[in-house]
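The values are calculated or read from the model by the stated rules, or taken from the named source; none is laboratory data. For clarity, every value in this text was computed on a predicted model and none was experimentally measured. Here the Cβ positions follow ideal geometry from the backbone for every residue, glycine too, while neighbour counts run over all protein chains shown. Areas reflect the complete protein model, heavy atoms only, side chains present, ligands, DNA and RNA absent. Shrake-Rupley method; radii C 1.70, N 1.55, O 1.52, S 1.80 Å.
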Amino acid sequence: MYYSFIHVAVAAVVNDKGEVLVSQRKQGTHLGGYWEFPGGKLEPGESVADGLCRELKEELGIVPLSTRPLIRIRHHYAEKSVLLDVWKVEAYSGNPAGVEGQRMEWRAVDSLDPGVFPPADVPIINALLLPGRYLITGDFISAADFEQRLSAALRDGIELVQLRLTHDWVQANTQSYALEIMGLCTRLCKLNSVKLLFNVPDQLETLTSNGIHLNSQRLLKTKHRPAGNIVSASCHGWRELEHAQSIGVDFAVLSPVQKTRSHPQAQPMGWDTFQQLVDGINIPVYALGGVTADDIEQAWRSGGQGVAAIGAFWN
């Protein structure tokens with residue numbers, strides 16, 4: 001089915017406290033009473049950058065100085081279809097005010113209630129809650145080595161961690177050792193207010209209340225979102241991305257973007273293919289495979305949430 005999308009420039013304006021600016025739609029308008037992120041429809045021939053600047057000046061009386069892509073969202077309402085081109089505004093000039101008489105507030109991102117936002121805006125909240133770097137734990141030789149590596153990554157500012165214990169690793173070690181590593185990881189992440197997901201065999205997953213990461217095989221077998229405060233998934237193409245979105249995961253990783261030492265036989269998709277795949281999906285997606293922190297801006301330009309890595313952050 002062909003849809004004609006209304007292209008909308010949307011701003012997630014954040015202040016130096018990490019709060020985001022939201023405004024309330026006027027009663028009597030489409031979705032009146034809902035809270036939203038400021039923005040508006042692009043004019044014919046207008047670029048997203050120009051439209052964003054115009055809308056922020058008209059709605060809030062500010063001029064953006066530092067912006068970056070955050071996420072693109074396609075959503076179908078009964079009366080229209082919209083393409084939200086969302087940019088994060090990290091610096092601006094002027095004092096924000098409701099120029100058009102709209103109510104506006106600064107709110108902590110983790111306090112935002114998706115139920116009071118239009119459905120199309122909900123993925124923006126997820127994207128704002130997630131950092132640009134995602135650590136996947138790799139090899140270690142002891143609990144002390146694990147603690148040293150994870151502590152170093154957390155000191156370096158990592159805010160999202162996936163504890164990955166493969167079936168082979170679990171079979172080669174005792175359950176008590178696995179539980180020791182899981183407990184150690186949980187304690188360190190909690191101490192540093194870091195989001196944690198477990199990618200472990202089923203028998204271990206039931207022993208934790210942390211978030212869950214689904215590998216691609218398990219993802220395709222999963223028909224409903226698993227219980228968990230955060231759920232993510234590994235994807236290698238469109239089929240998996242679409243399924244991840246359909247079951248309601250919070251975000252996904254897409255790989256391999258570039259050639260990796262761990263899987264030299266795998267054919268990398270490259271940034272162009274990554275961008276094409278991500279552009280058709282409404283959840284945040286991290287680039288994985290041969291990427292480092294130096295690739296974050298490339299990931300953002302390609303529609304990604306940021307980069308996920310083992311070697312770049314674990315060593």
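Roughly how many whole Å is it from the C-alpha centroid of the range 236-315 to that of the range 16-53?
What the calculation gives is 28 Å, centre to centre.
Give me the percent relative contact order of the chain, please, defined on Cα pairs under 8 angstrom at least 6 residues apart.
Relative contact order here is 16 percent.
Based on the Cβ-Cβ distance from Lys41 to Leu129, what FRET efficiency comes out when R0 is 41 Å, to the nearest 0.05?
For Lys41 and Leu129, the calculated efficiency is 0.95.
Highest mean first, what order results for 235-241, 22-28 on Cβ atoms within 10 Å?
Details: 235-241: 17.4, 22-28: 14.6.
The packing order, highest mean first, is 235-241, 22-28.
When the accessible area of the chain is computed with all protein chains present and a 1.4 Å probe, what percentage of it is carbon and sulfur?
49
When only the heavy atoms of the protein chains count and the probe is 1.4 Å, how do Phe140, Phe117 rank by accessible area, highest first?
Phe140, Phe117
Here is the link list: Lys41/Lys80; Lys57/Lys80; Lys88/Lys223; Lys88/Lys190; Lys190/Lys221. Which ones come out longer than 23 Å on Cα distance?
As for pairs spanning more than 23 Å Cα to Cα, those are Lys57/Lys80; Lys88/Lys223; Lys88/Lys190; Lys190/Lys221.
For Glu180, Glu36, write out the residues from largest to smallest accessible area, computed with a 1.4 angstrom probe and no ligands counted.
The ranking, largest first, comes out as Glu180, Glu36.
Ignoring ligands, DNA and RNA, what accessible area per residue does the range 248-315 give at 1.4 Å, in Å²?
44
When ranked by the protection proxy of mean other Cβ atoms within 10 Å per residue, highest first, what sequence do the peptides 143-153, 98-108, 62-72 form?
Peptide ranking by packing, descending: 62-72, 143-153, 98-108.
Taking θ as phi - 60°, what are the ³J(HN,Hα) couplings along the range 103-118 by the Karplus curve (6.51, -1.76, 1.60), each to the nearest whole Hz, with x for Gly and Pro?
Using θ = phi - 60°, the values come out as 6, 9, 8, 8, 9, 5, 4, 6, 9, 5, 9, x, x, 9, 10, x Hz.
So with the 1.4 Å probe, I'd like the accessible area per residue for the range 1-40, rounded to whole Å².
52
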